[in-house]
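These notes are about the structure you will find just below.
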Amino acid sequence: MDLIVAKFGGTSVGDGSRIRKAAQSVVNEYMKGNQLVVVVSAVNNATDELIELSNEAIGGGLTDKQKAEIMAMGELTSSRLFAAAIESLGVKAEFIDPYNDKWPVITDSNSLNAKIDFATTDKKCEGIKNLISQGIIPVICGFLGKGPSGEITTIGRGGSDVTAFLLGHCLSANNVVIVTDVDGVMSTDPNKIEEAELLDEISVEEMRDLATHGAQVLHPHALKYKDPLISAKIINFNNGDLSSEGTKITGPFEGDMLKTVSLYKNPISVIAIVGEEMLKKVGLLADLTSCLAENEINIFGISAGQNSITVFVEKKDSDKAYHLLHSWVIDEDVLSSLSLGDDTAMITVVSPEFIDEPGIISNITNPLRKNDINIVEISSSQTAVVLFVDWKDGEKALELIKEVLK
Ligand code: ADP
Ligand code: ASP
Ligand code: MG
């Protein structure tokens, strides 16, 4: 017997027949002997419509609290419809909204982008476990939370995905199934490029990066709660079958959920190339990287600005790289000169929590400044920060950064 958390996005409950089909798919799994929890979004574009309506009626006078209460009507409605549809198929269901004592998702008081209080939510999930053990299917509003004064909050647009993985984690579910309007995760948005191909599986890390860069198919914060033991997938509502295949989300693998700081074992050399007209030349970076790749030289970092490109290679390769790039600079009209800098140490800091942690770069760099450690270069992405400091400062910088992240 599996515990399945099934999340239905707006399109998958977009009209009466879709709601019936979705409810039937839940009942089918229940009849196989599984336990189910439903998380449901507002039907179709109800959230957008409610926002538009209130903007038209009230305009700028609307408070965030009022906006959250109005937006919530989408999920308050769809949860009632979904629970009634399950009951009409002969299985007991109960809609759970933030007005219900059994409501589990507890947040801070931020009305529109509320932060989840994980510990309290975890405890509150006991009420949901009780319902499940009585054979009742809880139908829980996605996207909504309950603030400290019992007020309705929302956890950010598209937040039902977060609700699903959060509950999956707290209920120790075996499966989280995201039901949406595409076959799964594709090579790109299929509504933008028709030839997009379905991926059989994708890792938590890849999915998180894709989502933080705008792939709407899953909320970027949802996977924060993805337990390695939970199997998760994204499927199409058209299948009407929760056991159908879509894209499996694998991982996270051990250590991936943790903050890690590491110092690369060998010194790294920095080569800076300058040229006034650099931006006018197409394919300059391609020429540079193929010049090094053809000579088996690995690039550890690269950044391009208006008048300069900096490349980081291992010290053992630096002389060769320096000479190769020098010949290239001489042949290339838009480039004028290059220099080989001192040895640097490369420190990589990775944490999935960086996505929603403001000020992370200043937290990391402030102690370095206080200790007179010069940063030669820094680059950051959604989940990683890479710093290059003078080689002699590497160990000290590593210790200071570890201290900050404790
Ligand atoms: P739901 O309402 O079910 O949460 P969303 O509209 O939020 O659905 O997400 C599904 C949409 O994500 C798809 O209709 C598609 O346009 C978009 N999308 C963006 N990138 C991708 C991708 N790489 N693979 C699949 N869908 C994608
Ligand atoms: N209904 C909410 C929205 O449109 C939440 C969701 O669909 O996940 O943003
Ligand atoms: Mg969505």
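List of remarks:
- A P(r) calculated from all alpha carbon pairs of the range 166-251, with 5 Å bins opening at zero, reads 3, 15, 26, 28, 19, 7, 2, 0 percent.
- Cβ crowding within 10 Å ranks 245, 94, 195 as 195, 245, 94, fewest other Cβ atoms first.
- Which of 213, 221, 326 has the fewest Cβ neighbours within 10 Å, and the rest in rising order: 213, 326, 221
- For the range 145-194: rounded, prolate or oblate by the Cα gyration tensor [a/c cutoff 1.5]: oblate
- Spin-label pair residue 302-residue 406: with each label point 7 Å from Cα along the Cα-Cβ axis, the two points sit 4.0 nm from one another.
- Chain lengthening between residue 323 and residue 100 when straightened (0.36 nm per residue, less Cα-Cα): 73.2 nm
- Candidates 121, 188, 11, ranked by Gaussian network fluctuation over the chain, Cα under 10 Å, top entry: 188
- Net charge of Cβ neighbours under 14 Å - reference residue 333; Lys, Arg +1; Asp, Glu -1: -3
- Distance-filtered residues of the range 335-375 - backbone nitrogen under 11 Å, label point 7 angstrom along residue 396 Cα→Cβ: 368-374
- For a 4.7 Å threshold on C-beta separation, the list of partnerless cysteines in the chain reads 141, 291.
- Exposure proxy for 376, 39: other Cβ atoms within 10 Å of each Cβ, ordered fewest to most, give 376, 39.
- Cα gyration tensor, the range 99-161 - rounded (a/c under 1.5), prolate or oblate: prolate
- Cross-link reach is defined here as a Cα-Cα straight distance under 22 Å, omitting same-chain residues fewer than 8 places apart; for residue 123 the lysines meeting it are 7, 102, 115, 146, 224, 226.
- The range 298-406: chymotrypsin sites (Phe, Trp or Tyr not before Pro) in DSSP coil with no more than 12 other Cβ atoms inside 10 Å: none
- Share of Cα-Cα pairs in the range 79-225 lying beyond 24 Å, as whole percent: 38
- Normalised size of the range 301-406, defined as Cα radius of gyration per 2.2 N^0.38 Å with N residues, equals 1.24.
- Three-way shape label, the chain, alpha-carbon gyration tensor, a/c 1.5: prolate
- Percent of beta bridges antiparallel (DSSP, the chain, rounded to nearest 5): 60
- Positive dipole terminus of the chain, leading residue within 318, 138, 59 (C-beta point charges): 138
- Rounded to the nearest 20, the Cβ-based charge dipole of the chain about its Cα centre (Lys and Arg +1, Asp and Glu -1) stands at 1460 debye.
- Here the relative contact order of the chain, from alpha carbon pairs under 8 Å that lie six or more residues apart, stands at 13 percent.
- Cβ-derived FRET efficiency at R0 35 Å, residue 277 paired with residue 343, nearest 0.05: 0.70
- The modelled label-to-label distance for the pair residue 80/residue 1, using points 7 Å beyond Cα in the direction of Cβ, is 3.2 nm.
- Applying a DSSP loop filter and a limit of 13 other Cβ atoms within 10 Å to the chymotrypsin sites (Phe, Trp or Tyr not before Pro) in the range 21-129 leaves 99.
- Treating each Cα of the range 1-101 as an identical point scatterer and summing with the Debye formula, the log10 of I(q)/I(0) at q = 0.17, 0.20, 0.24 Å⁻¹ comes to -0.77, -0.97, -1.23.
- Between residue 260 and residue 245, the simple label model (points 7 Å from Cα in the Cβ direction) yields a spacing of 3.0 nm.
- Hydrodynamic radius by Kirkwood, which averages 1/r over all alpha carbon pairs of the range 224-359, in angstrom: 18.6
Just so you know, all these numbers are worked out from the coordinates, no wet-lab data involved. Bear in mind the structure is a predicted one, so any value in this text is a computation, not a measurement. Please note: Cβ atoms are built from the backbone with ideal geometry, for glycine as well, and neighbour counts cover all protein chains shown.
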